[in-house]
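This report concerns only the one structure given below.
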Amino acid sequence: MTFTPRSPLRIAAVIVALALPVTAQENTGPSTNVAWTINTLNLLRSGDPERGAKLNTKLECATCHGDTGLSTNETWPSLSGQPAGYLFKVLKDYQDNKLSGTDRGQLMAFIVEEMTDQDMVDLASYFAANPLPPAQPVTKQDAAETLDLLGDPKRLIPPCSVCHGKNAKGDFPDFPALAGQSPDYLKRSLNNFRAGERGNDVYSRMRLIARRLTDEEINSIAAYFAAKGTVLAQE
Ligand code: HEC
Ligand code: HEC
């Protein structure tokens, strides 16, 4: 039987696979195997967005992440407009079991198992070439805005914008964009960093920050960044 790209059967198969007992792989050793060497940068430059677009359909990424990398719900992350370096790193991290400590991480680890580095950079260059998700009407989120712009020196929290870029549009080589990201995904990532279930951040940068955030701040951060999008990011 052949699976069409949008086949509910194929998705069901993935979900069933997820329900099977999985031996969670320990993330031992360095937080990532990706280093920004000349070879890695050359590999990134070789990314072919047209092939990436085809792979997005063929490998069924589009089913969850959308045709252009724009998630259709609040739970699955958008990939559209993310820096290619970040996307490549995170796909390698899934494949190397650096990011498979959660159910959803295991789902992605399963999906990328057979992919080559070239598949990953081609997909990364395709999503990176697409715009960030559109901005939503902004409901003022004071706590999150303060953390984004000023951080909280008393708690040693640097401003998010120092690394995630102005208007959270991401930065070279591997700082992810937060603008327009699905709110559930933002919340989940921060909770995973805080609990140490996600540990693929070099130098524990995000784990250290997330540990200092309260639940209330995480909720406010998710709403604040989800509302940002292309319009604000281009200012
Ligand atoms: C069944 C749905 C599903 C499919 C199919 C799927 N993904 Fe995912 N993907 C997810 C979920 C859910 C997450 C978030 C995992 C988490 O919460 O840790 C994710 C995370 C990611 C991330 C990390 C996003 C970030 O901001 O860190 C990348 C990159 C990614 N997927 C790429 C792909 C690619 C490329 C494919 C196709 C080869 C693919 N995904 C197929 C559901 C899916
Ligand atoms: C010192 C730099 C730095 C600062 C400051 C910083 N971050 Fe991060 N953040 C990173 C890096 C690097 C990653 C990517 C980790 C990886 O490789 O997966 C990341 C990842 C994330 C992610 C996961 C995104 C995804 O797509 O999976 C979220 C959410 C996040 N940061 C939120 C924040 C918030 C909110 C703040 C401010 C309170 C903040 N960060 C401050 C460096 C930083």
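The values are calculated or read from the model by the stated rules, or taken from the named source; none is laboratory data. What you are looking at is a predicted structure, and each value in this text was computed from that prediction instead of being measured. When we count neighbours, we look across all protein chains shown, and the Cβ atoms used for this are built from the backbone with ideal geometry, even at glycine.
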* To do: Look at Leu43 and say whether it is outside any loop (DSSP other than H, G, I, E, B) and at pLDDT below 50.
  => no
* How do the pairs read when you match residues in the stretch 187-199 that are over 12 Å from Asn219 (Cβ atoms) and in a loop (DSSP other than H, G, I, E, B) with residues anywhere that are away from ligand 1 (no atom under 12 Å from the Cβ) and of a type in the set (Gly, Ala, Ser), using Cβ under 8 Å and keeping only pairs 6 or more apart or on different chains? -> Gly199/Ser31
* Asked: What pairs come up if the first residue lies in the stretch 154-179 and is touching a residue at least 24 places away in the same chain (Cβ under 8 Å), the second is near ligand 2 (Cβ under 8 Å from one of its atoms) and of a type in the set (Lys, Arg), and their beta carbons are under 7 Å apart, counting only those six or more places apart or on different chains?
  -> Asp174/Lys89
* Asked: How many residues does the stretch 58-88 hold that are in a helix (DSSP H, G or I), away from ligand 2 (no atom under 16 Å from the Cβ) and in contact with a helix residue (DSSP H, G or I) (Cβ under 9 Å, 6 or more places away or on another chain)?
  -> 2
* **Failed item in (1) modelled with pLDDT of 95 or more; (2) buried (at least 19 other Cβ atoms within 10 Å of the Cβ), with Ala144 passing the rest** => (1)
* Quick one: Glu50 ticks every box in (1) over 30 Å from Tyr203 (Cα atoms); (2) within 13 Å of ligand 1 (Cβ to nearest atom); (3) surrounded by fewer than 16 Cβ atoms within 10 Å (Cβ to Cβ) bar one, so which box is it? -> (2)
* Return a yes/no flag: does the stretch 121-130 have any residue that is more than 9 Å from ligand 1 (Cβ to nearest atom), surrounded by 20 or more Cβ atoms within 10 Å (Cβ to Cβ) and modelled with pLDDT under 95. => no
* Looking at (1) assigned to a loop (DSSP other than H, G, I, E, B); (2) under 24 Å from Ala226 (Cβ atoms), find the lone condition where Leu91 falls short. => (1)
* Where His65 falls short, out of the listed (1) modelled with pLDDT of 95 or more; (2) more than 9 Å from ligand 1 (Cβ to nearest atom) -> (2)
* To do: Considering (1) within 15 Å of Tyr224 (Cβ to Cβ); (2) buried (at least 17 other Cβ atoms within 10 Å of the Cβ); (3) without any contact (Cβ under 8 Å) to a residue 24 or more places away in the chain, say which one Ser182 fails and leave the rest.
  => (3)
* Tally the residues that are of a type outside the set (Ser, Thr, Tyr) and either surrounded by fewer than 21 Cβ atoms within 10 Å (Cβ to Cβ) or more than 12 Å from ligand 2 (Cβ to nearest atom) (or both), restricting the search to the stretch 93-103. => 5
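Is it the case, given these coordinates, that Gln95 is modelled with pLDDT of 95 or more and either over 18 Å from the mean Cα position of the chain (by Cα) or not acidic (Asp, Glu) (or both)?
Working: modelled with pLDDT of 95 or more: yes; either over 18 Å from the mean Cα position of the chain (by Cα) or not acidic (Asp, Glu) (or both): yes.
Taking the combined requirement at face value, the residue satisfies it.
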* Would you be able to say whether some residue in the stretch 127-138 is outside any helix (DSSP H, G or I) and within 11 Å of ligand 2 (Cβ to nearest atom)? => no
